[in-house]
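Student: First the structure, then my questions, so here it is.
The values are calculated or read from the model by the stated rules, or taken from the named source; none is laboratory data. Because the structure is a prediction, the values reported are computed rather than measured. Glycine also receives a Cβ, built like all others from the backbone with ideal geometry; neighbour counts cover every protein chain displayed. Note: areas computed on protein heavy atoms with side chains; ligands, DNA, RNA excluded. Shrake-Rupley method; radii C 1.70, N 1.55, O 1.52, S 1.80 Å.
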Amino acid sequence: KRNQANNRVWSTKSAIMIDKLEMLIALSREQHFGHAATACNVSQPALSTAIKQLEGSFGVQLVQRGARFKGFTPEGERVLEWARRIVGDTQVMYQEIEALKHGLFGHIRIGVIPTALPLVATLTTRYLADHPNVRFAVFAQSSNEILRGLSNLELDAGLTYLDNEPLGQVLFVRLYHEEFRLLVSSDSPFGKLKTITWAELGRVPLCLLTQDMQNRRIIDRLLHKAKAEVIPTIETNSPTVLYTHVGSGGLATIMPAKAAAVMRFPSKVREIPIINPTVKYAVGLVVPKREPLPPPIEALAKDVKKFFSQKR
């Protein structure tokens, strides 16, 4: 009986501790006490009290306080790292047990770079045919937003570039290598070309993604290396805006070949390979570096790996 009572006390303390760690993660994500409290469905005083209780438990200050949130102390950063690990592992534990009882189910939140969005339906349709009790939430995000979302437990997976900028603490499945195409109206002076060089793109009126997108940073670097000076007429974070402007015949854009291949463009839109150099960038599925992975995410990783290995 004494052991049972001790176990109940330990279980209660553990649950309370996990709740407080979730609040700490929310504070890191929101960077604001009030917004973090709202995200956790508690009052701001309750969140502040929970953080102070965590500090009392560890005997160190975790948060740099002032009139507003100023960040974490070095000790706070370390506790935050453990919080993400503990909360993430706890979620996986419950998901594994539920999957054993009821089969695979859950909610997969996936961040996708805009240029990979046209491919998402192919992946989700295949996956849902085998696992109809799983739901998806798909967000168009920059590569930095995806990595931040994985770190803060806001996302379960992402589709992004793999070998251009640091990925941090993630596991990845390499899916395909991307090449670039110039999308241009056949009515354009450039519409009759079979290929075009990066240097020649300096003479093409372009609309491009915004500079917070890794696709744009890659393109800018390649244009700079080719000594092509480009000032886009239109910048947007939406591929749809790019496609519609190309379709109207006034502008051209640079897009990955895979994305272009699955889009239905007007018949007058041409896809022209960009050469000198012909470059390839890897795109893949990224998930938090955690073992074991949540069952729905593990199944997703296996499914996309199998699908793209068949496509090669």
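Student: For ILE275, enumerate residues with amide H under 5 Å from its amide H, sequence gap 5+ or separate chain, H modeled in the peptide plane.
Tutor: ILE196, THR197, TRP198
Student: Another one. How much of the accessible area of the stretch 218-261, in percent, comes from carbon and sulfur atoms when a 1.4 Å probe is used?
Tutor: Taking all protein chains in place, the stretch 218-261 shows 54 percent carbon and sulfur surface.
Student: Also, I was wondering about something else. Tell me the angle of helix 214-225 to the major Cα principal axis of the chain, expressed in degrees between 0 and 90 and rounded to the nearest ten.
Tutor: The helix 214-225 is inclined about 40 degrees to the chain.
Student: For the chain, with every protein chain kept in place, what is the accessible area per residue (1.4 Å probe, Å²)?
Tutor: Each residue of the chain exposes 53 Å² on average to a 1.4 Å probe.
Student: Net charge near PHE139: determine it from the other residues with C-beta under 10 Å of the C-beta of PHE139, scoring Lys and Arg +1 and Asp and Glu -1.
Tutor: Around PHE139, the surrounding residues sum to -1.
Student: Please state the charge dipole magnitude for the chain, taken about the Cα centre, from unit charges on C-beta atoms (+1 on K and R, -1 on D and E), reported in debye and rounded to the nearest 20.
Tutor: Charge dipole of the chain: 360 debye, to the nearest 20.
Student: Place +1 on the Cβ of every Lys and Arg and -1 on the Cβ of every Asp and Glu in the chain, take the dipole about the Cα centre, and give the residue among THR73, ILE18, LEU206 whose Cα lies farthest towards its positive end.
Tutor: ILE18
Student: Summing Lys, Arg as +1 and Asp, Glu as -1, what charge do residues with Cβ under 11 Å from the Cβ of ARG148 carry, ARG148 excluded?
Tutor: Result for the local shell: -1.
Student: Using Cα atoms only, what is the angle between the long axis of helix 74-102 and the major principal axis of the chain, expressed in degrees (0 to 90) to the nearest 10?
Tutor: Once rounded, one gets 90 degrees.
Student: Over the chain, what relative contact order in percent results from Cα pairs under 8 Å that are six or more residues apart?
Tutor: Relative contact order comes out at 21 percent.
Student: Which of the listed residues, THR160, SER57, VAL184, is farthest toward the dipole's positive end in the chain, when Lys, Arg count +1 and Asp, Glu count -1 at the beta-carbon?
Tutor: THR160
Student: Right, something else. Scan around VAL63 for amide H atoms under 5 Å from its own, H built in the peptide plane at 1.01 Å from N, and keep only partners 5 or more places away or cross-chain.
Tutor: THR73
Student: Hey, what do the phi angles of the stretch 181-191 turn into as Karplus ³J(HN,Hα) couplings, whole Hz, using 6.51/-1.76/1.60 and θ = phi - 60°, x for Gly and Pro?
Tutor: The phi angles translate into 10, 8, 9, 8, 6, 5, 7, 6, x, 9, x Hz.
Student: Could you compute the FRET efficiency for ALA46 and ASN152, with r as their C-beta to C-beta distance and R0 at 22 Å, rounded to 0.05?
Tutor: Here the calculated transfer efficiency is 0.60.
Student: Give the relative contact order (percent, whole number) for the stretch 64-200; include only Cα pairs under 8 Å separated by 6+ residues.
Tutor: Relative contact order, the stretch 64-200: 21 percent.
Student: Residues in the stretch 259-280, backbone N under 16 Å from the label point at THR233 (7 Å along the Cα-to-beta-carbon vector): list them, ranges by number please.
Tutor: Once the point is set 7 Å along Cα→Cβ of THR233, 269-270 turn out to lie under 16 Å by backbone N, inside the stretch 259-280.
Student: Residue by residue through the stretch 255-260, which ³J(HN,Hα) values in whole Hz follow from phi under the Karplus form 6.51 cos²θ - 1.76 cosθ + 1.60 (θ = phi - 60°), with glycine and proline marked x?
Tutor: 9, x, 4, 4, 5, 5
Student: Let me ask another. Given +1 on the Cβ of Lys and Arg, -1 on the Cβ of Asp and Glu, and no further charges, what dipole in debye does the stretch 25-134 carry about its Cα centre, rounded to the nearest 20?
Tutor: The dipole magnitude comes to about 300 debye.
Student: For helix 117-130, what angle does its Cα long axis make with the longest principal axis of the chain, in degrees from 0 to 90 and rounded to 10?
Tutor: 50
Student: Here is a follow-up. Please report the net charge: other residues with Cβ closer than 12 Å to the Cβ of ILE196, K and R +1, D and E -1.
Tutor: +3
Student: Using a 1.4 angstrom probe on heavy atoms only, work out the carbon and sulfur share of the accessible area of the stretch 59-189 in %. Could the numbers behind the result be given before it?
Tutor: Values: 3460 of 6600 Å².
With neighbouring chains kept in place, the figure for the stretch 59-189 is 52 percent.
Student: OK, next. For THR73 and ARG126, compute 0.36 nm times the residue count separating them, minus their Cα-Cα distance, and round to one decimal in nm.
Tutor: Full-extension gain reported as 14.6 nm.
Student: With +1 on each Lys and Arg Cβ and -1 on each Asp and Glu Cβ, how big is the dipole of the stretch 235-312 about its Cα centre, in debye rounded to the nearest 20?
Tutor: Dipole about the Cα centre, nearest 20: 300 debye.
Student: Give me the lysines in straight-line cross-link reach of LYS225: C-alpha distance below 16 Å, same-chain residues under 8 apart excluded.
Tutor: Here the lysines satisfying the reach criterion relative to LYS225 are LYS280.
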